[in-house]
Each structure stands twice: as structure tokens, then as C-alpha cells.
Amino acid sequence: MRTAHRVETVRAAEAALMARLPEGALMQRAAAGLAAACCSLLGKGRVYGARVALLVGSGDNGGDALYAGARLARRGAGVTAVLLGDRAHEGGLAALRAAGGRVVDSAHDDPFEPLAAADLVLDGITGIGGRGGLRPDAVPVARAARGSDAVVVAVDLPSGVDADTGEVAGEALRADVTVTFGTYKPGLLVDPARSYAGALRLVDIGLGGELPGVADLEALQHQDVARLLPVPAAESDKYRRGVLGVVAGSARYPGAAVLAVEGALRGGAGAVRYVGPAADAVIVAHPETLVHPGPPDRAGRVQAWVVGPGLGDEPGVTEVLASDVPVLVDADGLRGLDPALVRARSAPTVLTPHAGEAAALLGATREEVEAGRLAAVRELAARFGATVLLKGSTTLVCGPGTEAGRAAGGAVRVNPTGTGWLATAGSGDVLSGLAGSLLAAGLRPVDAASCAAYLHGLAARRASGGGPVTAGDVAGALGGAWRDVTSGL
């Protein structure tokens, strides 16, 4: 599992470790890992004679870049440091000069000449404490670096992005690779900042023992999902595996019901009870479905409900929320949803909005939600007392109370799978059914939502192969994605 920690937590861990190490040892560890990554990117036998430009700010990231540059210079690279701050790390400058590196002060010299010929650029302008985008004097240099043919490597974090939130409030330098130290930072995993980070490489500098047991952000990997997914036992029957109720679809959107039911069936539900006006379409597509004219409380026993996909103005949301089992609310079910009604429930609730639906629930704009996804998912979870799966370029899952009561919500989960081709009609309906089936199987809401997002994204990659997919394609690939995840067990 990848874990990420806020700046405040990282600073405290670094201070505790530095208190036990010789002065400067931690920076040397970071510089050694950074230099090794640069050597790998330049390629075997290509360090000698390579041209490397360092963009050096006033903070410790500039020091990391200077010490790494000194190591590259000792291996025969031509290294030039472009100083962009009002000061630079003195020890790092001395080390670079002693190794034969060159120093250019952007206030007095031409900062663009080293970039024009560079094979690799190290971005050490700002670090994890930076806020609000690049300073105006750094913007032309950053643009020149991005416009060059060089590989751009960010030191710990791309300059101009917010380490804690993933927000980009101004100009930032987009990296090809980010080499980060000790632990991932939330901004490296959450859009829009994630798209500036490129490929991620984590350098172990010994912080592990100083970091808290609960991270601020975590991203599941195959083995994590495999351990959480339900596996039927020899004595299992369809009822023990979990029965999911689905209230979805309308005369206008019967396909939403079909796709939600298919997501549930391919997500391992023992049985699906469908309630709604699209029963004929559902039975034709999935004859194993148990259909009922309604209302939901007369449809038979279920272990969880999904309500909302394609529902239009059809009733059902209030009735389902009155049940004593977990409920997932999606799409039309989210319109005008009353936080008090959700908070009053005795059983868990999962909300699965996209950015537009989240904006309506928060009284914000879609642009505000997309620019601050982490803040939005936390606020929704706290306001509704629910687990929230915020869909989008970075899908986030937040348990209730993450902000108001950290122990209740734990870390926010970020989904590492998926593809832009998932932005297609009906894909969210498949996701709802899949997550609902995992709820019915007994998974905790946070686990059900995050495992569903993971499998959904993986299935989309499998089905896409780099090209367009339909929601039906994604649903059809869920079984293969499930096998991919569990094959290592």
C-alpha cells in the first residue's frame, strides 16, 4: 500500500530523525537517492558527458538538488546550477563547486543557456512548504525547462503545487519524474497536482519509524484489494454471499438499471433484487435477477441497497434510506439529499457523486470541487456522516468523520487505477452495482467503495487497451480484473 503524509507530519518525522543523526546526514541520504534516480534516467554509461541543469531555490530542496548535482558532476556530468532564490544552501553550493560544477545566478547571468542544452533538469525551486504557485521571476525559467528536450525531474514535489491538498493555485513546473523522500505527499497522488508529478519514485531516507501508524492518504495495491475481496466458502449459498437490492432506472433511463444490476452480478452478489420500472429490460439482459414491483420494503430481505442510477423522478430514495442495512446512493438519488436524513440512519451510507453532483451537495461550483478534490470529499463525508466516493480524474474515498474525528474515518483512500476512457455514459452505474455487491457481502463501507473503484478502473484498462470503451465493456471485464487481483494469493 502506498501511503502519504502531510507536510506537518513529515516535518515532525524529519526533526525526530535528524536529532539522532549527524548534521546534514538526512540531506545526504536524499541527495544520494536523487542522484541514483538521475543516473538511472540518463541511462547506463550516459552519465559521463551528460548535461545537467539544476533549478535551485532557497529551501532544502535546492540543497538536495545541489548535493545530487555534485554527485553527478563527480561521475563526469557537466552540471550547472541556476540560482533562483535570494539565497542558496551554502554547503550544497560548496560541494557542487568542489566537484567541478558551474553556478549561474539568474539575477545577473543568462539562466536560459544551461537549459537549452540540458539532457536532464532537476527542479529544486520550491519544496513541500511552497504555496500558491511559482513566483513570477521563476516562471520564465520553469517554462524554458518544460519547453526544452530535457527530462525534468522534480525534487520531492513539482514546484508550484500544494503538497497537502493537490491544488495548483498558479503556475507550476510539470515534471516527467518526481523523486520524493521518506513518504509520498498527498499532492503527488491527487489531481490536479498528480498530473504535474509524472512517474513517482520513492527514496527511503529512514523516516518509516518516525511516521504515525495512520497515514493521511493511502492507495491500495493488488495485494491489499485481494485480501479484502470476499471469497465464497464451500457451504456458501446465494443468500450467505449477499443479496443486493437495486432501485434504479426509469422509463427514460432503463439502461441505468441494467448496468447497475450487471455491476452487482459481476461483483459477486449472490442474488440481486431489482425494484423499479425497468424490470422488463433487466430481465431480458439478466434473467437471474429477482424483480419486484415495489415498494422496496416489500421486495424481500437484502443485505444492502443501491438507489439512484437513472432513477429520474421515480420514488425510492426515502424508503431505502429508512431501511436498517447499508445503502449506496448515486446519481439521481443524490439530488437534494438531506444531510440530516443520512446522519440519522443507524446503518452505514455510501455516497458516490461525481464533481458536479458533489458541487450541488456542497453549494459550490464544479470547478471548485475539481480544484480541491481532497477538501471536497472530506467536507462531504463530515457533513453527511457518510462514506463518500468522489468520482473523477482522481477517485477518492473518505470515511465519515475523517476531518472532525480522525480515528473514525482513518486515511482518505485514493484510487490508483482507471483511464480517461472511463468518462462514458453508464460507467458510474456499473460502479454503483459493484460497490453495492461488496457492501452486501459484508465489507466495511470504505473497503467496499475503494475495492470497487480499484476493480472498476482495472476493468476499464483491460477493456480499453488504449481505446474507447462502453460501460458494458467495463462490466464485462470485471471478472478478469478480479482474477488479476487475486491471482497472487
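Some notes on this structure:
- Accessible surface, per residue, of region 354-489 when the full set of protein chains is kept, probe 1.4 Å, Å²: 34 Å²
- Length released on extending from H292 to A199, taking residue separation times 0.36 nm less the Cα-Cα span: 28.5 nm
- FRET efficiency for L362 and S236, using Cβ-Cβ distance with R0 set to 35 Å, rounded to 0.05: 0.30
- 10 Å Cβ shell holding at most 12 others, DSSP loop, chymotrypsin sites (Phe, Trp or Tyr not before Pro): longest site-free stretch of the chain: 240-489
- Percent accessible area from carbon and sulfur atoms, region 249-329, protein chains only, probe 1.4 Å: 53 percent
- Local electrostatic count, H286, Cβ distance below 11 Å [Lys/Arg +1, Asp/Glu -1]: -1
- Cβ-Cβ FRET estimate between R75 and Q223, R0 fixed at 35 Å, reported to 0.05: 0.45
- Look at the dipole of the chain built from charges on Cβ: of A425, L42, C398, the Cα furthest out on the positive end belongs to L42.
- If only the Cβ of Lys and Arg carry +1 and only the Cβ of Asp and Glu carry -1, the dipole of the chain around its Cα centre is close to 1040 debye.
- Most tightly packed first, judged by the mean number of other beta-carbon atoms within 10 Å of their residues, the peptides 148-158, 261-271 read 261-271, 148-158.
- About the Cα centre, charge dipole magnitude for region 367-478 (Lys/Arg +1, Asp/Glu -1 at Cβ), debye: 300 debye
- For region 128-221, accessible area per residue (1.4 Å probe, heavy atoms of protein chains only), Å²: 34 Å²
- Relative protection proxy for 335-344, 392-401, from highest mean packing down: 392-401, 335-344 (other beta-carbon atoms within 10 angstrom).
- Accessible surface of region 399-489 [probe 1.4 Å, protein heavy atoms]: carbon and sulfur percent: 53 percent
- Share of carbon and sulfur in the accessible heavy-atom surface of region 1-79 [1.4 Å probe, %]: 49 percent
- Amide H contacts of T165: G187, each under 5 Å away and 5 or more positions distant or on a separate chain (H built 1.01 Å from N in the peptide plane; Pro and chain starts excluded).
- The antiparallel fraction among DSSP beta bridges confined to the chain stands at about 15%.
- Qualifying GluC sites (Glu not before Pro) in region 3-50, where qualification requires a DSSP coil assignment and no more than 12 other C-beta atoms within 10 Å, comprise E23.
- Ligands, DNA and RNA are left out, and with a 1.4 angstrom probe the accessible area of region 1-77 is 46 Å² per residue.
- Between E8 and I283, the FRET efficiency estimated from the beta carbon spacing at R0 = 41 angstrom works out to 0.15.
- Given +1 at the Cβ of Lys and Arg, -1 at the Cβ of Asp and Glu and no other charges, the dipole of region 47-170 around its Cα centre is 400 debye to the nearest 20.
- Note on region 363-489: semi-axes of the ellipsoid equivalent to its C-alpha gyration tensor, largest first and rounded to whole Å, are 25, 18, 12.
- Net charge, R2 excluded, C-beta distance under 10 Å - Lys, Arg +1, Asp, Glu -1: -2
- Computed lengthening from R343 to R87, 0.36 nm per intervening residue step minus Cα-Cα distance: 86.9 nm
The values are calculated or read from the model by the stated rules, or taken from the named source; none is laboratory data. As the structure is a prediction and not an experimental result, all values here were calculated from the model. Virtual Cβ from ideal backbone geometry, glycine too; neighbours counted across all protein chains shown. When the accessible area is computed, the model is the full protein with side chains, heavy atoms only, and any ligands, DNA or RNA have been set aside. Shrake-Rupley method; radii C 1.70, N 1.55, O 1.52, S 1.80 Å.
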